[in-house]
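The block underneath contains the structure these notes are about, expressed in structure tokens.
Throughout, read-outs are computed from the coordinates displayed, never taken from laboratory work. This structure is a prediction, so every number in the text was calculated from the model and none was measured. A quick note on method: Cβ atoms are made from the backbone with ideal geometry, for glycine too, and the neighbour counts reach across all protein chains shown.
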Amino acid sequence: MGGGLILVGFMVGSQYRPQEETQVKTPYATSPNVLRVKTLKITPISRYSTQRTYIGETATMRESSLGFERGGKVVQVYIEEGDRVTKGQIIAKLDTSDLETQKFDLEAQQSQQLAVLAELTAGERKERIDAARAKVQQLQERLSLEVAKRERREYLYQEGAISLEQLDEVSFNSNVLAAQLAEAQSLLDELLAGTRIEQIDKQKAVIKQMDAKIEQINLDITKSNLKSPYSGTIAQQLIDEGTVVSIGESIVKLVEDGKLEVRIGIPVDKISTIRRKSQYSVLINNKQYGAKLSAILPEVDAATRTQTIILNLESSAGFRVPQGAIARLNVNETIAQSGFWLPTTALIKGDRGLWSCYVVIEGENGTQIVEKRDIEILYTESSRILVRGTINPGDRVITQGTQRVVPGQIVISE
């Protein structure tokens, strides 16, 4: 063990007992030449409690780099660095003039298609049906006239009064009128039957397709407004007005307000002392804050051989503690270790860099003699140390004035 004494941690002895200082009357108690020394009667312990301090830093529970879901030109930035925003608040806006034009054009086309659908659904107008019926009647009358005319021509042809060419001319006219009558009658029948359901369905499909296009444009317009996903503070503004940005390019950095966590590395062999869902007290900027353990990460840091624990700070800390502040966590730990508590003033340097102490033993004729005992330092806290060695329960250890005595010297213990 090295010659230097290293003071580490903070520790409270769970088995520490007040140790009595004794005063032994000897025949030399009145002798002015015998040195008087203060002693402590030691008692053993089997375990002690220590408070270990682990250091980490604060971090926000959520931190986001926000960007648009579509590319375009930034026309407005509504915030500055350090501004606090609420959930849903608009942070920046893209140019939407081209989208508005497309939407206007589609809405005009949609109005036309809706008018067509209304006409198909309502059926043909009465005036058109009457016109078609009148045309059929007119063609029927003309055809009747042509049929009668053809019959007369056939009689005259049989009598030899007219030529075959004259008969064929009348027959041709009759056939033309018959074809025109059939076409007009078909149109009248279609008008009377109304619009076919397939035509109406087709027109509805056209309108739905236009609805989808308009909805997509509305969605793109909505995406042109960058909104805050949660309440927080703008930590960094990366883009100004006039900048053309691409999809997902960072515009601002947002840090959540009111919710901080502390990340602390705990040695792997000490992680078992951490209790899940337990409440702890964390020291930040010389002030204590309540914190609740939320997670113990499974990965072990290869460099530090520690596991990270995450503590959620109380809500009041979110507005008073900055991100990245140093946080200290004190954890009580009970250690099984046998030994004796001695004040640090009882230590003396031993041989080869070891440590020793002086004890007072009974000599001949009731004298009290100084004897040197080798010890090993197990733990140190403030003004006392835990040791073991060649000392025994009930020994009276000199606690003050060790520099004035030597082994074998007769003293009077107080």
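One way to sum up the overall shape of region 135-187 is the equivalent ellipsoid from its Cα gyration tensor, whose semi-axes run 26, 10, 5 Å, largest first. With a cut-off of 13 Å between beta carbons, the residues surrounding Phe68 carry a summed charge of +1, where Lys and Arg count +1 and Asp and Glu -1.
In region 101-219, a dipole from Cβ-located charges (positive for Lys and Arg, negative for Asp and Glu) runs towards its positive end, and of Gln180, Leu219, Leu139 it is Leu219 whose Cα lies farthest in that direction. Just need log10 I(q)/I(0) for region 101-219 at q = 0.09, 0.14, 0.19, 0.20 Å⁻¹, Debye formula, equal scatterers on the alpha-carbon atoms, no solvent, rounded to two decimals. Reported log10 I(q)/I(0), two decimals: -0.50, -0.74, -0.97, -1.01. Only four residue types carry charge here, +1 at the Cβ of Lys and Arg and -1 at the Cβ of Asp and Glu. Report the dipole size of the chain about the Cα centre in Debye, rounded to the nearest 20. Magnitude of the dipole: close to 3420 debye. How far, in degrees from 0 to 90, does helix 97-122 lean away from the longest principal axis of the Cα atoms of the chain, to the nearest 10? Approximately 50 degrees, to the nearest 10.
In the structure shown, the pairs Lys87/Lys287; Lys227/Lys292; Lys259/Lys287; Lys227/Lys253 are assessed against 23 Å; a Cα-Cα span above that value is assigned to Lys87/Lys287; Lys227/Lys292. The phi torsions of region 325-333, fed into the Karplus equation with coefficients 6.51, -1.76 and 1.60 and a -60° offset, translate into couplings of 6, 6, 10, 10, 10, 9, 10, 6, 9 Hz, rounded to whole numbers, with Gly and Pro shown as x. Radius of gyration (Cα atoms) of region 292-364, expressed as a multiple of 2.2 N^0.38 Å: 2.05. Kirkwood analysis of region 217-330, using all unique Cα-Cα pairs, places the hydrodynamic radius at 17.1 Å. Net length available on complete extension from Thr243 to Gln140 is 29.5 nm, with 0.36 nm assigned per residue and the Cα-Cα distance removed. For region 240-283, the residues whose backbone nitrogen is under 19 Å from a point 7 Å from the Cα of Val331, taken along Cα to Cβ, are 261-283. How are the C-alpha pair distances of the chain spread across 10 Å bins, as whole percents from the shortest bin up? Reading the bins upward from 0: 4, 12, 11, 10, 9, 8, 8, 7, 6, 5, 4, 4, 3, 2, 2, 2, 1, 1, 0. Under 15 Å from a label point 7 Å along Cα→Cβ of Ala302: give me every residue in region 257-291 with its amide N that close. Within reach of a label on Ala302, which here means backbone N under 15 Å from a point 7 Å along Cα→Cβ, region 257-291 contributes nothing.
Tilt of helix 126-158 relative to the longest C-alpha principal axis of the chain, in degrees (0 to 90, nearest 10)? The answer is roughly 30 degrees. Rounding to the nearest 10 and keeping the result within 0 to 90°, find how far the Cα-based axis of helix 164-193 lies from the longest principal axis of the chain. With rounding to tens, the tilt is 30 degrees.
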